[in-house]
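The values are calculated or read from the model by the stated rules, or taken from the named source; none is laboratory data. All figures in this text were calculated on a predicted structure; none of them were measured in a lab. With ideal geometry, Cβ positions are generated from the backbone for all residues, glycine too; neighbour counts draw on all protein chains shown. Please note that ligands, DNA and RNA were not included when accessible areas were found on the heavy atoms of the full protein model with its side chains. Shrake-Rupley method; radii C 1.70, N 1.55, O 1.52, S 1.80 Å.
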Amino acid sequence: MQVIANGINIEVEDHGNLQDPAILLVMGYTAQLIYWPMDFVNGLVEKGFRVVTFDNRDVGLSYKFDGVSGPNPIRQLITKRLFPRRQMAPYTLSDMARDAVGVLDALEIEQAHIVGASMGGMIGQLIAADHADRVLSFTPVMSSTNGPGLPGAHADVRRVLMQTARAKARTPDEALELGLAFSSLIASEEGRNRPEERRAMMKLAQERAFYPAGPKRQMAAIIDTGNLRPVANRIKVPTMVIHGADDPLIPPACGRDIAANIKGARFELVEGMGHDLPPSKLPEMVDLIAAHCGAAQEA
């Protein structure tokens, strides 16, 4: 269903009992809400939570900023190093955090547990810091503060990521092959061993919404937002950081950095998990998050 959030149309799915405590799942860079595995969503519902998913702006069925160009990512990175206060992106992750809070407003949810994956964990840091009155607990998954000195993606992953961000896929087939090449680099071993499942999911996402212009603007938002350590330092809500031990895109040190910058946060390393949500790890993830959310409600 479509709701108006922060002044734009956002596509939302609402799962479970409306009277149960809400968990808002915030997805990552370019990923549609369908990338949350249904076994994960249903697992949290079975644990007694209302689970809300949504498409971020510029992706899926949510609002597209047509006609608004994003900067070249390499030029933007160089400019940010020279002029860190200059904004080059049409919007930042703070705007996307306000979108997420707008979803809560539209669904008349006063407070929710926030779970964010990758870029969604960066957006989640801004929600937890700037909209703390709406947050019961926070769980960033495979995310980062983007702080200076943190290890970056493996060299081959970084190269393909920048190529993907710059690429102008002319057809869905070209975009599909780019996406598959990138996903195979960042996935867990389990994920790499499921190529047909990855292809089917990407094909489904394309059929739902093929919009190659969005990734450039979302990448620009990440770059322009910059270092989130000062944001993390302001987070007071109960926080648990989850990270895959085998993540080649955002190494585990980045997740540890989130935990180190949030007072009282705990860190959970999931063995055998890359920058993905492998099916065999979903029960562990559900148990960790449900227990964390439950403890926050009882505190």
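Points worth noting:
- Given (1) farther than 19 Å from S143 by Cα; (2) at pLDDT 95 or above, index of the condition E298 fails: (2)
- Flag for R198 being among the charged types (D, E, K, R) and outside any helix (DSSP H, G or I): no
- Residue count for the range 108-127, restricted to those that are in contact (Cβ under 8 Å) with a residue 12 or more places away in the chain and surrounded by fewer than 24 Cβ atoms within 10 Å (Cβ to Cβ): 3
- Here is the figure for the range 111-145: residues that are part of a loop (DSSP other than H, G, I, E, B) and touching an Asp or Glu at 6+ places or on another chain (Cβ under 9 Å) total 4.
- The criterion of at least 1 residues that are open to solvent by less than 40 Å² (accessible area, probe 1.4 Å) and out of contact with any strand residue (DSSP E or B) (no Cβ under 6 Å at 6 or more places or on another chain) is met by the following strands (runs of 3 or more DSSP E) wholly inside the range 1-82: 2-5, 8-15.
- Within the set D130, D105, D99, the sole residue that is within 30 Å of R234 (Cα to Cα), of a type in the set (D, E, K, R) and open to solvent by less than 10 Å² (accessible area, probe 1.4 Å) turns out to be D99.
- Matching option when the condition is closer than 28 Å to L288 by Cβ and not aromatic (F, W, Y), among D14, D58, D66: D14
- Selection within the range 203-214: residues that are part of a helix (DSSP H, G or I) and either open to solvent by less than 20 Å² (accessible area, probe 1.4 Å) or touching a residue at least 40 places away in the same chain (Cβ under 8 Å) (or both). The member of this set that is nearest to V160 (Cα to Cα) is G214.
- Within the range 77-101, being farther than 16 Å from Y63 by Cα and modelled with pLDDT of 95 or more holds for one residue alone: S94.
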